[in-house]
Amino acid sequence: MEQRHLGRTGLRVSRIGLGTLMWGRDTDEHDAADLLKTFWEAGGTLVDTADAYGDGEAEYLLGRLIEGLVPRRDLVISTKAGSVPDPDRRFDGSRGHLLAALDASLARLGTDYVDLWQLHVYDPETPLEESLEALDLAVSSGRARYAGVSNFSGWQLAKAATWQLAAPGVRTRLAGTQMEYSLLQRGVEREVLPAALDLGMGLLPSSPLGRGVLTGKYRNATPADSRGASEHFAPFVAPYLDDTASRIVDAVTTAADGLAVTPLQVALAWVRDRPGVAAPVVGARNTQQLTAALSVEALSLPDEICRALDDVSAPVHRYPDHDWSTL
């Protein structure tokens, strides 16, 4: 699998990442082992997790599989901290919490470092420079090789990245940002992606298949074994089952038919090759789904197909997102 640099750093990642959101809850150790082995054998390196996934079970499960199944040196492990299961405070970006969370993540993962450590969310109750200092301490202590953020808006991302760049050699450059991005969700193109490109950060798209909707499996009904039919994930999928999404899915299906490939391959190739994207993170539930996603490695969409998909999925961008002189 092709490897890409994450932003303007020396960190290289496979251009498809493996997500572990459901590990330890809906994905057991046997299935997780099959997924990780299949991914590794295909040349995949980036494995994305978080301390909040399965209340830590995803990290614990990944840790059990490292070395016994896949050598640690062959993986680029990314994890996150800052999202907490507290109804009164969903986010905790304090230095104390973040560093304690990182130590707990390392213990669950059974490793003395992670390749990429990210602030999971922006915490409005904590000074941003305090949260960023935790990233600096993690990198300087060797517990993390690189640092990034996740779910930051455009201004939050620009503020954080600029703060880090203001003291080179003292503060660690932000390598990347993880955000939802797909043909059904192009909101990052308004401000987040331009900021990331300008500041030398790579984008790691989550839900690159529109929460599964872009595969076309919801066109006629909701499959009983799908996330859309599950108690936990039905509300997550529901926003992408409207008429607007349906028109985009129809266009993806038409493109797939014309290219003799699947809608999944078309949707994933589109987001993988967008400017600024380093690696879409795919949260496959089984090896069949993962193998289907990995098969996109050999596919590059023709320019005319990309333009057609761009047009049918184009978000509404008005002032101040566009140059005022063009409005």
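Listed values, structure above:
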item: Every residue from the stretch 179-212 that is among the polar types (S, T, N, Q) and open to solvent by 10 Å² or more (accessible area, probe 1.4 Å); result: GLN185, SER206, SER207
item: Tally of residues being farther than 25 Å from GLY19 by Cα and open to solvent by 40 Å² or more (accessible area, probe 1.4 Å) across the stretch 151-178; result: 10
item: Test: residue in the stretch 132-147 that is touching a residue at least 40 places away in the same chain (Cβ under 8 Å), at negative phi and of a type in the set (S, T, N, Q); result: no
item: Cβ-Cβ under 7 Å pairs, at least 6 apart or on other chains, the stretch 77-99 side under 19 Å from LEU62 (Cα atoms), far side assigned to a helix (DSSP H, G or I) and charged (D, E, K, R); result: THR79/GLU59
item: Residue in the stretch 88-95 that is within 21 Å of the chain's Cα centre (by Cα) and among the acidic types (Asp, Glu) present; result: yes
item: Matching residues, the stretch 285-324, being loosely packed, with under 12 Cβ neighbours inside 10 Å and either among the β-branched types (Val, Ile, Thr) or touching a strand residue (DSSP E or B) at 6+ places or on another chain (Cβ under 7 Å) (or both); result: VAL316
item: Residues within the stretch 223-236 that are at pLDDT 80 or above and open to solvent by 40 Å² or more (accessible area, probe 1.4 Å), tallied; result: 2
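Every residue, every condition in (1) within 21 Å of the chain's Cα centre (by Cα); (2) among the hydroxyl-bearing types (Ser, Thr, Tyr); (3) more than 26 Å from LEU35 (Cβ to Cβ), yes or no:
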residue: GLU57; (1), (2), (3): yes, no, no
residue: TYR60; (1), (2), (3): yes, yes, no
residue: LEU102; (1), (2), (3): yes, no, no
residue: TYR113; (1), (2), (3): yes, yes, no
residue: LEU116; (1), (2), (3): yes, no, no
residue: ALA134; (1), (2), (3): no, no, yes
residue: SER141; (1), (2), (3): no, yes, yes
residue: ARG145; (1), (2), (3): yes, no, no
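The values are calculated or read from the model by the stated rules, or taken from the named source; none is laboratory data. Just so it is clear, the structure is predicted and the values come from calculations on it, not from any experiment. Methodologically, a virtual Cβ is constructed for each residue, glycine included, from the backbone with ideal geometry; neighbour enumeration extends over all protein chains shown. These accessible areas exclude ligands, DNA and RNA; they are computed on the full protein's heavy atoms, side chains included. Shrake-Rupley method; radii C 1.70, N 1.55, O 1.52, S 1.80 Å.
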